[in-house]
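Read the structure below first, then the notes.
The values are calculated or read from the model by the stated rules, or taken from the named source; none is laboratory data. These numbers were taken from a predicted model, which means no experiment stands behind them. When we count neighbours, we look across all protein chains shown, and the Cβ atoms used for this are built from the backbone with ideal geometry, even at glycine. Only protein heavy atoms, including side chains, enter the accessible area calculation; ligands, DNA and RNA are left aside. Shrake-Rupley method; radii C 1.70, N 1.55, O 1.52, S 1.80 Å.
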Amino acid sequence: MSSQTPAGWYAPDPSKPGELRYWDGAQWTGNVAGQSPSATEGVGVSRFPGWLVSWPAIIVGLLLCLFPGLVLLWLRPTTSARVKGGVSAAAVAGMIILVATAETPDPASATATIVEPAATESPTPSESPTARPTPTEEPTASPTPSTSTPTTKAAKNSATVAVEALAVKGRAPKTGYDRAEFGSGWVDVDRNGCDTRNDMLKADLYDKVMSGSCKVLAGTLDDPFTRTTIRFEYGGASEVDIDHVVALSDAWQKGAAPWPFAKRVAFANDPLNLQPTDSGANRQKGDGDAATWLPSNKAYRCDYVAQQAAVKTKYKLWVTAAEKDAMLRVLAACPEQRLPKPGAQPTTASNTGGRPPASSPTPSRTPKPKPTTANPTSTLDPQFRTCGDAIDAGFGPYYQGKDPEYGWYQDRDNDGIVCER
């Protein structure tokens with residue numbers, strides 16, 4: 001061999017090609033192989049057990065720990081330095097890649113991790129946080145049911161919306177109106193054995209004294225109209241009236257005149273349209289609407305107007321322009337005011353308490369309740385225990401200095417008139 005022959009395995013004896021010796025580039029070494037060069041390059045004699053330096057052991061070593069595997073690789077004497085260096089470089093590079101991959105998430109993977117929740121929540125996989133509409137685009141979208149439903153319910157229950165929906169017309173003539181057109185006094189329309197007046201007193205008074213299960217003899221009222229406390233005594237000086245929140249005469253002029261008698265009786269006895277109150281406040285109100293009278297208790301005006309709106313909505317009565325403006329002015333101070341529920345009473349009474357009055361230019365006042373005392377003269381009206389009873393029977397008002405009947409009743413507001421309707 002010449003000094004220019006590269007290092008490698010060669011057959012020093014051409015007659016024995018199967019006996020190989022390692023030439024280190026300068027001289028023959030003691031490393032001898034008994035295999036043919038065509039079997040594999042680099043197979044020779046080792047001073048270590050074959051299984052320890054076998055490729056499976058080296059691979060296991062690399063898997064278990066890189067450096068022990070590399071140490072085992074370099075201890076393998078029959079592998080060339082070039083192969084050992086290549087494997088070592090590849091192993092180190094692979095380890096670096098593994099470490100880099102483990103410590104720094106792949107950008108594509110990170111993007112997929114972020115987008116995945118958005119894709120799960122959105123209807124289309126293409127949507128992502130960056131693809132959502134901008135705030136300027138959102139108002140054009142249709143409102144969700146969770147947003148529109150409360151708004152719809154609030155509108156249906158709003159007193160302001162109810163007033164806005166009422167028909168506006170002029171006041172019709174009062175011709176033909178009489179209290180008897182709405183029934184003879186208080187009627188037991190619900191057939192519970194008690195007339196409507198006593199039903200209302202039982203419902204709103206406390207500390208009551210009863211006669212049987214219906215008649216209220218005494219009780220205390222916290223009057224919402226005047227914000228005062230009134231001690232009611234049947235037939236006594238301190239009177240409590242049952243106010244028609246929408247006055248009967250007002251209803252007559254705003255849609256009730258052509259109603260069937262049974263509907264007018266239902267209207268006059270509907271708890272939705274009734275409120276026990278101070279008799280003086282009730283008579284001061286007369287048949288006024290919201291444009292001409294409101295309770296002196298300003299804190300109650302929103303409730304009062306909302307109750308009027310509920311009554312007129314239930315019975316489909318109209319309002320005048322001035323009345324509607326007045327109602328809306330009150331409700332402007334309480335925009336969240338809710339409309340009272342219509343209640344269970346139907347708008348047509350099954351029990352009217354008797355036949356409707358005969359149709360005539362002057363409505364009949366019969367039948368008349370039996371007076372408590374005999375009439376002083378035959379030309380005077382019957383004398384009743386209270387003005388409320390007289391009004392229910394269709395009598396009054398009486399004027400001071402003109403009507404003898406004036407002296408029979410208390411003029412609580414000192415206006416020279418008693419038993420005003």
Can you name the residue in the range 220-236 that is of a type outside the set (A, V, I, L, M, F, W, C) and in contact with an Asp or Glu (Cβ under 6 Å, 6 or more places away or on another chain) and, of all such residues, is surrounded by the most Cβ atoms within 10 Å (Cβ to Cβ)? Asp223
On the basis of being modelled with pLDDT of 75 or more and of a type outside the set (A, V, I, L, M), does Glu41 make the cut? no
Entirely in the range 190-309, the helices (runs of 4 or more DSSP H) that have 3 or more residues that are out of contact with any Ser or Thr (no Cβ under 8 Å at 6 or more places or on another chain), closer than 27 Å to Trp408 by Cα and in contact (Cβ under 8 Å) with a residue 12 or more places away in the chain: 196-204, 279-285
Among residues of the range 18-38 being open to solvent by less than 60 Å² (accessible area, probe 1.4 Å) and of a type outside the set (A, V, I, L, M), the residue modelled with the lowest pLDDT is Ser36
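So is Ser15 of a type in the set (S, T, N, Q), modelled with pLDDT of 65 or more and open to solvent by 40 Å² or more (accessible area, probe 1.4 Å) or not?
Yes: the conditions hold for Ser15.
Right, Phe267: within 27 Å of Gly407 (Cβ to Cβ) and buried (at least 18 other Cβ atoms within 10 Å of the Cβ) or not? Walk me through it before giving the result.
Values: within 27 Å of Gly407 (Cβ to Cβ): no; buried (at least 18 other Cβ atoms within 10 Å of the Cβ): yes.
Taking the combined requirement at face value, the residue does not satisfy it.
Considering Gln308, Gln275, Gln253, which residue is modelled with pLDDT of 95 or more and over 38 Å from the mean Cα position of the chain (by Cα)?
Selected residue: Gln253, the only one of Gln308, Gln275, Gln253 that is modelled with pLDDT of 95 or more and over 38 Å from the mean Cα position of the chain (by Cα).
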Could you please give the count of residues in the range 284-296 that are open to solvent by less than 50 Å² (accessible area, probe 1.4 Å) and touching a Lys or Arg at 6+ places or on another chain (Cβ under 8 Å)? 4
